[in-house]
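Colleague: Quick one: the structure is below, questions incoming.
The values are calculated or read from the model by the stated rules, or taken from the named source; none is laboratory data. Just so you know, these numbers come straight off a predicted model, no measurement behind them. No Cβ is skipped: glycine too gets one built from the backbone with ideal geometry, and neighbour counts run over all protein chains shown. SASA here: full protein model, heavy atoms, side chains in, ligands and nucleic acids out. Shrake-Rupley method; radii C 1.70, N 1.55, O 1.52, S 1.80 Å.
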Amino acid sequence: MSFSSRRLFRIFTSFVVATSASATLPTTVFAQSMGGEGKFRNGAARVPASPSASAPAPAANEEATTVSSEQMTGRPDREVDLDRDVELVRGTTTVKADKAIYRIIKDEVDATGNVWMKRLTSRYTGDHAVLNIDSGEGYATNPTYILEPNGGRGKAQRADFLSNERAVLTQSTYSTCEALDPDWYIQSRTLDLDQGRDVGTMTNGIVYFKGMPIFGSPWLDFPLSDARKSGVLAPTLGATSTGGMELAVPYYFNIAPNRDLTITPKYIARRGLQMGGVARYMGEGYTGVTSGERIDDKLTNTTRYTFSTVHTQQFSNGVGFGWNVSKASDNNYPTDFSNTLTGVSQRLLLRNVYASYAATYWSVTANVAKYQVLQDPLLPITQPYDRVPQVLFNASRPDVGGFDLSATGEFTRFSSPNLVGGDRSSITPKISYPILGTSYYITPTVSVDATNYRLNNQAIGLPVSLNRVTPTFSVDSGLTFERDTTFFGREMSQTFEPRLYYLRTPYRDQNQFPVFDTALADFNFSQIFSDNRFVGRDRISDANQITFGATSRFIESNGVERMRVAAAQRYYFAQPRVALPDAVTNLGSKSDLLAALSGQITNEVGIDTAVQYSQSNSQFQQANYGVRWQPAPKKVLNLSYRLDRTNPIIGSNGTLENLKQYDLSGQWPLSARWYGVGRINYSIPDKTVTEGLAGLEYRADCWVFRMVAQRLPTSSAQATTSFFIQLELNGFAKIGSNPMDALTSSIPGYQIVNKPDSLSRN
């Protein structure tokens with residue numbers, strides 16, 4: 001039988017057949033002006049039949065097949081011919097074509113002419129396709145395809161569908177470029193797209209870029225989304241001034257969703273083959289990273305290595321433990337190998353193991369800490385004391401009858417082969433009474449430091465047991481005023497927050513006390529309102545002083561802080577007398593003045609300024625001036641100046657000099673697709689560029705090319721220059737050496753050129 005209609009008047013046809021191919025049931029025909037379509041379930045149509053019809057109820061997990069076309073002919077219990085605007089839909093599978101034959105018993109569609117198919121998250125077009133709707137098996141000739149998760153696409157001579165989740169393409173291409181003639185693509189003999197495993201596998205694959213083959217492999221696989229997958233990562237090629245050309249070919253093992261391992265053989269032209277690896281893992285309550293490198297260095301004829309492991313773990317009962325251990329083979333490792341998997345570029349390497357327990361109001365931590373010092377001959381570092389062991393105790397209980405109670409305790413055994421060592425025990429209870437109002441606060445606090453030393457390696461005649469008990473009283477207070485105002489034409493709220501802090505600590509003679517871990521604290525806004533001028537417990541500064549400070553903030557209606565201005569200064573009623581060995585204490589009647597100004601002046605311009613001004617010397621002791629101009633995404637210029645007279649450095653001529661530096665960095669489009677990136681850190685006393693970076697980036701529709709050169713100091717007298725060349729094929733691989741860490745750390749506000757535009761307003 002046959003049904004036909006004009007385009008504006010279609011036939012809605014409902015077929016009902018039994019699950020057995022040999023049995024049929026009556027059909028019912030309904031006319032509807034909105035189109036001709038039939039609903040099928042697993043090869044059997046399902047809509048209400050005539051009242052005399054009876055059929056078994058379909059299973060609950062079955063899905064209906066909807067069929068529509070301009071014209072339908074054939075036997076509804078076996079085979080239907082569909083002509084013009086054909087569409088079959090079941091679940092996540094859709095087939096469209098000019099013509100099709102739907103074989104009901106086989107549940108198979110045979111489509112020709114402008115075939116379009118959607119299977120799960122992939123789409124195909126072709127000249128001719130045969131597909132079993134239920135199993136997903138079939139084929140298509142001369143297909144094109146698009147993978148929705150990552151935008152991968154291409155064409156082939158033939159696509160064989162092995163299931164709903166898997167297809168094998170013959171003589172195929174693959175790319176993430178949207179253009180019909182892509183800038184890059186992979187030509188392969190076969191391409192196996194397994195969406196169930198989220199893996200694409202190629203045989204005899206060749207990567208073409210701008211029509212030129214740049215990479216080939218007899219076997220190549222890659223993830224079909226952003227999910228991780230085991231396999232060879234893109235090789236990295238670069239160069240450094242200390243090692244020459246470098247080629248690394250990492251292999252990634254996706255061991256489990258929460259564990260992976262990367263093995264990286266790296267050939268360094270002047271030094272030989274370096275083997276490295278990074279293992280990462282995490283789970284409920286724990287995480288860790290272990291990495292290492294080893295090389296038989298041809299330049300030094302020695303075996304050189306570095307190793308680092310970090311682990312933290314916390315149990316639900318409050319118990320925790322972990323470690324942070326690093327080691328290097330020799331002092332020059334950071335200088336000779338500036339790019340390391342372990343990140344060992346510093347010269348003080350910690351080896352620490354700890355265990356802890358935390359309860360509601362208290363916690364205790366025990367650890368053992370040792371250090372390896374990688375010495376720079378021109379800037380030697382004093383070997384820190386080993387702490388074998390150290391036990392720390394903290395307790396706090398707020399609002400006990402209006403009082404806040406806390407206590408800290410410590411026992412540490414300091415060990416050194418050549419210096420005075422010993423045990424230090426201390427306990428510091430503290431009680432405060434906060435008085436809080438809607439626009440003010442007053443917090444008086446009383447604390448007592450009790451410390452005992454038992455020393456070894458002391459010189460003859462000096463005491464081996466020392467004690468110190470030092471009380472401290474302070475009052476911290478502040479007010480908050482607020483008003484409506486405008487800031488560069490925008491309505492805002494402005495606050496004025498004065499603060500007054502009084503501190504009284506009596507003098508205790510501590511000249512015979514050792515210095516295990518104590519230094520003078522940096523003078524800044526945090527320290528000026530603290531109760532001790534020193535960091536560490538070997539010195540408790542005497543004090544009879546008051547600190548004045550004030551902060552004003554401009555806040556938008558949405559709560560974002562647009563601008564902040566702050567100033568503070570300390571006044572001494574008595575000159576502090578406690579000092580470190582060989583240090584002179586002469587602070588005068590008042591401290592240096594601290595001032596800061598930071599925020600977003602406009603949507604494009606931000607500033608960050610902080611100064612320490614000595615009124616007695618009429619000069620700035622420290623100053624940092626910074627300005628950022630960011631008029632649009634991927635457009636940023638940073639300029640800063642830094643001055644430090646409090647911590648002189650060794651200049652290029654070997655003499656002590658004040659630190660004076662300019663720092664200029666930025667990212668800027670040079671044309672529609674070219675971007676320039678750079679940074680210059682210039683030392684005024686040395687008249688040299690201490691750190692530098694320069695590069696170019698080219699952004700195409702589906703790839704990015706980067707060239708970057710970076711100069712970094714690795715010691716007081718040496719610097720390393722590294723070259724990065726990278727071709728990033730969007731959604732597939734990054735070929736060459738990766739400069740992204742260098743760019744993001746050197747250029748504040750840098751944005752990746754092939755990521756969506758964003759503009760932060762900090």
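Colleague: Name every residue in region 495-526 that is among the basic types (Lys, Arg) and in a loop (DSSP other than H, G, I, E, B), in order of residue number.
Modeller: Within region 495-526, just Arg508 meets the criteria.
Colleague: Of everything in region 551-569, what is in a strand (DSSP E or B) and over 16 Å from Ser530 (Cα atoms)? Give them in sequence order.
Modeller: Within region 551-569, Thr551, Ser552, Arg553, Phe554, Ile555, Glu561, Arg562, Met563, Arg564, Val565, Ala566 qualify.
Colleague: Please enumerate the residues belonging to region 346-365 that are open to solvent by less than 60 Å² (accessible area, probe 1.4 Å), part of a loop (DSSP other than H, G, I, E, B) and over 18 Å from Thr408 (Cβ atoms).
Modeller: Within region 346-365, Arg347 is the sole residue that qualifies.
Colleague: All but one of (1) of a type in the set (D, E, K, R); (2) open to solvent by less than 40 Å² (accessible area, probe 1.4 Å); (3) under 28 Å from Arg158 (Cα atoms) hold for Lys266, so report the exception by its number.
Modeller: (3)
Colleague: Related question: Could you list all residues from region 452-499 that are at pLDDT 95 or above, touching an Asp or Glu at 6+ places or on another chain (Cβ under 9 Å) and of a type in the set (Phe, Trp, Tyr)?
Modeller: Those that are at pLDDT 95 or above, touching an Asp or Glu at 6+ places or on another chain (Cβ under 9 Å) and of a type in the set (Phe, Trp, Tyr): Tyr453, Phe481, Phe496.
Colleague: Filter region 207-233 down to the residues that are modelled with pLDDT of 75 or more and of a type in the set (Gly, Ala, Ser), then identify the one that is surrounded by the fewest Cβ atoms within 10 Å (Cβ to Cβ).
Modeller: The extreme case among them is Gly211.
Colleague: Name the residue that is farthest from Ser447 (Cα to Cα), counting only residues in region 366-424 that are among the acidic types (Asp, Glu) and buried (at least 16 other Cβ atoms within 10 Å of the Cβ).
Modeller: At the first step, the residues of region 366-424 found to be among the acidic types (Asp, Glu) are 376, 386, 399, 404, 410, 423.
Among the residues that remain, those that are also buried (at least 16 other Cβ atoms within 10 Å of the Cβ) are: 376, 386, 404, 410.
On the way: Asp376: 42, Asp386: 29, Asp404: 12, Glu410: 16 Å.
Ranking the qualifying residues of region 366-424, first place goes to Asp376.
Colleague: Let me ask something additional. Check whether at least one residue in region 449-458 is under 45 Å from the mean Cα position of the chain (by Cα), more than 30 Å from Arg413 (Cα to Cα) and without any contact (Cβ under 8 Å) to a residue 60 or more places away in the chain, and report yes or no. Spell out the reasoning first.
Modeller: Filtering region 449-458 for residues under 45 Å from the mean Cα position of the chain (by Cα) gives 449-453.
Retained after the next criterion (residues that are more than 30 Å from Arg413 (Cα to Cα)): none.
Within region 449-458, not a single residue is under 45 Å from the mean Cα position of the chain (by Cα), more than 30 Å from Arg413 (Cα to Cα) and without any contact (Cβ under 8 Å) to a residue 60 or more places away in the chain.
Colleague: Among the residues of region 392-418, write down those that are under 30 Å from Pro434 (Cα atoms) and among the β-branched types (Val, Ile, Thr).
Modeller: Val400, Thr408
Colleague: Checking the structure you have, find out if any residue of region 570-578 is in contact with an Asp or Glu (Cβ under 7 Å, 6 or more places away or on another chain), closer than 22 Å to Glu410 by Cβ, open to solvent by less than 70 Å² (accessible area, probe 1.4 Å) and not in a strand (DSSP E or B).
Modeller: Scanning region 570-578 turns up at least one residue that is in contact with an Asp or Glu (Cβ under 7 Å, 6 or more places away or on another chain), closer than 22 Å to Glu410 by Cβ, open to solvent by less than 70 Å² (accessible area, probe 1.4 Å) and not in a strand (DSSP E or B).
Colleague: Quickly run through region 742-762 and pick out the residues that are under 20 Å from Leu664 (Cβ atoms) and at pLDDT below 80.
Modeller: If we filter region 742-762 for residues that are under 20 Å from Leu664 (Cβ atoms), which is where we start, we get 742-751, 762.
Asn762, the sole residue that qualifies.
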